[in-house]
Amino acid sequence: MGRTVMSFPMPNLHPPVLDPAFVTDATVEVDAVSVWFGPKVALSELSCSFGPGVSGLLGPNGAGKTTLMRAMTGLVGVNEGSVRVDGRDPRRDRGVHARMALVPEDEAVPAGLTARQFVRYIADLHRVADRGAPDTALQTVDLFDEGDRPVDTFSKGMRQRIKIAAALVTDPRILVLDEPLNGADPVQRAQLILLFKRLGAGGRTVIVSSHVLNEVERLADRVIVLVHGRLAAAGGHRAIRDTMDDAPRHVLVRSDAGRRLAAALVGLESVTGVTFDSKRNGLVVQTLQAREFAIALPRLAKASSIRLVEVRALDDSLESLFRELVR
């Protein structure tokens with residue numbers, strides 16, 4: 001069976017005007033930074049900054065988020081451009097490290113240690129004078145009662161929290177967290193998000209990376225979006241969400257009356273194209289207003305006595321949405 005195409009004029013797309021990538025009270029400044037590893041370019045002419053409060057670093061896997069965080073903490077050198085933390089080079093000035101802490105995505109806990117031993121070990125490495133700081137850090141992440149339990153026995157979510165406790169024991173003014181919510185259950189996620197927001201409200205610079213838009217929306221008022229090592233957008237999460245919602249989307253709609261539904265869909269302002277896809281046995285609807293289409297479709301189906309069997313976004317991923325931001 002062939003493909004029947006009903007085409008409609010496509011309006012011109014104008015890129016959204018979002019907030020600048022810089023803040024006036026910046027504690028971390030990234031200026032035209034490029035980083036490459038052999039033939040692979042991880043960051044390309046990236047410029048942005050971060051200040052007190054919680055900032056989200058958003059992007060699909062492989063976007064360059066981890067490389068940027070390691071560059072900000074001095075673990076990775078930059079090939080071009082510069083990184084400044086409180087006006088100093090984190091790669092060359094060790095004094096910077098006394099003010100900041102990194103929570104890496106990968107495992108960073110030595111085997112055989114209890115939670116309390118691990119946090120005390122980090123405290124000793126940083127010469128933390130307050131001997132009660134490890135227990136305070138454990139209490140902050142709700143692991144005080146598990147302090148004498150070997151970290152080897154912890155779940156993924158608990159391991160994330162113990163890494164955060166190890167970072168907090170140094171009382172950093174700048175906290176950099178790489179995918180800290182991975183592996184946490186819903187309750188743990190909610191608790192960690194509240195913790196990050198509380199730390200940001202207290203005047204710390206908290207930078208949290210994620211590839212999940214909903215997570216970033218819940219914890220950060222300001223978002224930096226990376227795609228392929230480049231800055232794709234910067235600003236409030238509401239502006240970025242609106243931009244993504246208004247990007248061209250393709251939605252598969254299967255029903256018990258495909259041709260009748262296609263004819264009805266033509267009349268919707270939110271629909272710019274309808275294609276019959278024989279392989280999927282349904283309609284592929286193109287829309288520039290995904291939110292409006294999601295509201296109008298069930299109403300239209302009910303009014304036309306059409307039963308919807310399946311409604312599924314075919315390109316509902318950060319990769320595809322971010323690609324539109326870049327374009």
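Quick notes
Residues checked against (1) crowded, with 17+ Cβ neighbours inside 10 Å; (2) closer than 30 Å to PRO150 by Cβ; (3) modelled with pLDDT of 95 or more:
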| site | (1), (2), (3) |
| --- | --- |
| ASN12 | no, no, no |
| PRO20 | no, no, no |
| ASP31 | no, no, yes |
| LEU57 | yes, no, no |
| PRO60 | yes, no, no |
| MET72 | yes, no, yes |
| GLU80 | no, no, yes |
| VAL85 | yes, no, yes |
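- Test: residue in segment 137-157 that is surrounded by 16 or more Cβ atoms within 10 Å (Cβ to Cβ), among the aliphatic types (A, V, I, L, M) and over 24 Å from VAL187 (Cβ atoms): no
- The residues of segment 287-310 that are in contact with a Pro (Cβ under 9 Å, 6 or more places away or on another chain) and at pLDDT 90 or above amount to a single one, LEU308.
- Selection count, segment 178-208, where residues are in contact (Cβ under 8 Å) with a residue 60 or more places away in the chain and under 21 Å from THR27 (Cβ atoms): 13
- Looking only at segment 283-316, and only at residues there that are of a type in the set (S, T, N, Q) and not in a loop (DSSP other than H, G, I, E, B), the one that is surrounded by the fewest Cβ atoms within 10 Å (Cβ to Cβ): GLN286
The values are calculated or read from the model by the stated rules, or taken from the named source; none is laboratory data. All values derive from a computational prediction rather than experimental measurement. Cβ sites come from the backbone with ideal geometry, for glycine too, and all protein chains shown count toward neighbours.
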